[in-house]
Amino acid sequence: MLVRTNQNTSLSSLFFNHTHGFSCWTGSMQFFLLCCVFLWAMLPQSDMHTAVPATVLDCCEGDILLLLDSSGSVAHHEFSRLLLFTADLLRPFSLGRGHVRVGLLQVGTSSKLEFGLNTHNSQESLQKALQHVHHLQGDTNTVAALRVAQQLLREAEEPVPKILLWLTDGVQPGDIVEPMTELKERGVSVLIVSTVHGNYRVLQRAVTPPKESHLYFVDIDNINIITEDLRKAIIKIIRAERLHVVHLTSHSAVLQWRPILRADGGYYELWYYSMLNTDPETRRIVSSDSSQAELRNLQPDTTYKAYLRPESNQRMFDTLSVTFTTLPDVLSPAVVSVSDSSPHQIRVSWGPLQPARVQRYTVEYGAIPSGLVRTVMFHSQKNSTLLTGLEQGSQYLVTVSALHVDGKEIAMSVRACTHEALPALADLQLTPVQHQEVQVAWKAHQEGLKGYWLKWENTNSHASSSKSSSKSSFSSVYLSPSSHSTRLTHLSPGSQVCVSPVYSSGLGDGLCCTALQTGYL
């Protein structure tokens with residue numbers, strides 16, 4: 001916990017106290033200008049932008065929810081200073097998904113969500129928004145605001161570190177222990193900045209340890225002196241210099257990390273080994289502009305330890321590490337599926353493709369129980385085929401086998417069914433009734449019939465009868481099995497009308513006719 005007070009309040013005495021030998025009102029103009037320069041150099045650093053290392057800009061990934069005390073106990077001057085402090089604190093960070101997301105929740109009689117975590121993806125947008133935040137005043141209903149904060153952070157779908165930064169005067173915070181405890185139990189880091197009016201005992205129970213870097217009591221007029229320390233504490237929580245496994249198979253792994261050497265040059269040293277020492281240690285050098293590396297020729301179902309050390313002449317970096325276990329070995333075919341079934345054909349697919357390990361695939365299929373078995377062979381790059389010439393309404397046994405380069409043969413079988421051929425529509429007739437109206441009549445096989453699907457092209461005519469003033473669109477309707485005709489309107493010459501019978505297992509073959517001025521085709 002840091003307690004900071006103004007160290008510059010006696011600055012004027014340096015210029016007007018004769019015991020120090022300074023006087024800006026006597027002597028030559030040159031001496032007067034010299035004093036002015038000295039005064040400018042001694043001004044508090046809050047009025048100047050401090051340089052931020054380039055690595056800070058892309059160092060972090062996490063969510064920061066600002067809980068800003070906007071109640072009436074906070075003077076307008078204090079509120080403005082808190083906003084300026086917040087803008088300066090957050091200015092170095094890259095914003096948006098994959099970087100740092102910032103939300104602002106104001107505390108008053110009622111909580112006000114000024115902007116959510118997904119609102120701002122640039123510093124320009126965030127800084128402008130902070131300039132337009134208005135002081136709510138009213139009561140200090142912090143407990144209600146914390147309940148809203150819990151909901152906001154719970155709904156944040158990103159699995160990243162989360163911070164609640166509470167900016168307050170500390171006056172009458174209410175019973176905050178329980179909601180703060182719930183936040184911390186959910187993994188949220190609670191940091192607090194309070195003016196000297198705050199209750200230390202209450203606030204030190206609310207913050208996430210260590211309180212030395214997460215709790216700050218500071219005079220509002222000198223709040224800038226904690227900016228750097230607080231920013232370092234935030235970066236320590238959300239720093240994204242982590243090594244991740246983003247893709248894993250039985251024989252490979254892809255490691256990914258946030259690039260941190262682009263500004264400094266240098267290189268990455270990567271090495272890895274199996275925890276059971278089944279593989280020798282492997283080392284390689286990765287270029288400074290890389291952010292991922294693929295580890296190949298790994299053993300299946302084996303635990304590995306990988307290290308990544310950034311090397312730079314500019315500064316020292318921590319060595320990153322990750323432990324992972326490769327997937328159990330999978331020999332193709334591990335999956336066989338059937339799709340696009342129709343009365344006389346089915347599509348068979350298999351996987352995974354392993355062209356380096358498989359010589360060829362063989363597909364055998366025959367009707368159950370005693371149909372003729374047919375065999376087709378495919379090269380190692382093939383992973384599907386369409387089986388045609390099948391009997392409708394029949395069940396088939398399909399076996400896919402792979403001959404591997406080591407002589408091993410792996411096979412997998414599935415059952416597949418072809419559909420019964422559905423009766424087609426027997427007849428369809430269009431009879432003109434009036435201008436742009438036709439009577440549609442049809443006939444169909446009634447056994448198992450569930451209804452009809454009717455589709456047609458209609459025309460919406462405007463006042464002008466010219467072709468350019470009409471717009472066409474398609475409409476469709478489902479009709480009951482007892483329907484045998486219907487009347488359609490707004491049909492222009494050349495419009496197509498289609499009717500298909502609907503059965504429990506699908507659509508039967510339909511018929512289409514084209515409407516003419518004097519009849520139909």
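The values are calculated or read from the model by the stated rules, or taken from the named source; none is laboratory data. All values derive from a computational prediction rather than experimental measurement. Please note: Cβ atoms are built from the backbone with ideal geometry, for glycine as well, and neighbour counts cover all protein chains shown. For the accessible areas, the whole protein counts, side chains as well, though only heavy atoms, and no ligand, DNA or RNA atoms are used. Shrake-Rupley method; radii C 1.70, N 1.55, O 1.52, S 1.80 Å.
Odds and ends about this structure:
- Accessible surface ranking that places the most exposed of Leu67, Leu117, Leu331 first, with a 1.4 angstrom probe: Leu331, Leu117, Leu67
- Paramagnetic label zone (point 7 Å from Cα along Cα-to-C-beta, Ser250; backbone N under 12 Å) in the stretch 344-377: 352-354, 357-358
- The stretch 82-201, accessible area per residue, ligands and nucleic acids excluded (1.4 Å, Å²): 44
- The heavy atoms of Asp318 offer some 120 square angstrom of accessible surface to a 1.4 angstrom probe.
- Legend: P(r) of the stretch 304-462 from all alpha carbon pair distances, 5 Å bins from 0, whole percents, reading 2, 7, 12, 11, 9, 8, 7, 7, 7, 7, 7, 5, 4, 3, 3, 2, 1, 0.
- Taking the Cα atoms of the stretch 229-313, the ratio Rg/Rh between the radius of gyration and the Kirkwood radius comes to 1.04.
- Exposure check, 1.4 Å probe, all protein chains in place: Glu447 carries approximately 140 Å² of accessible surface.
- Scaled against 2.2 N^0.38 Å for its residue count N, the alpha carbon radius of gyration of the stretch 99-207 is 1.07.
- Whether the stretch 124-170 is rounded, prolate or oblate, judged on the alpha carbon gyration tensor where a/c under 1.5 counts as rounded: oblate
- Gyration tensor verdict on the stretch 205-245 (Cα atoms; rounded if a/c is under 1.5, prolate if a/b is larger than b/c, oblate otherwise): oblate
- Taken over the stretch 278-381, the ratio of Cα radius of gyration to 2.2 N^0.38 Å equals 1.79.
- Over every Cα atom in the stretch 347-430, the radius of gyration and the widest Cα-Cα span, Dmax, amount to 17.1, 67 Å.
- Global form of the stretch 58-107, assessed from the alpha-carbon gyration tensor, a/c cut-off 1.5: oblate
- Where the alpha-carbon atoms of the stretch 148-301 are placed on the principal axes, they occupy 63, 34, 26 Å, in descending order.
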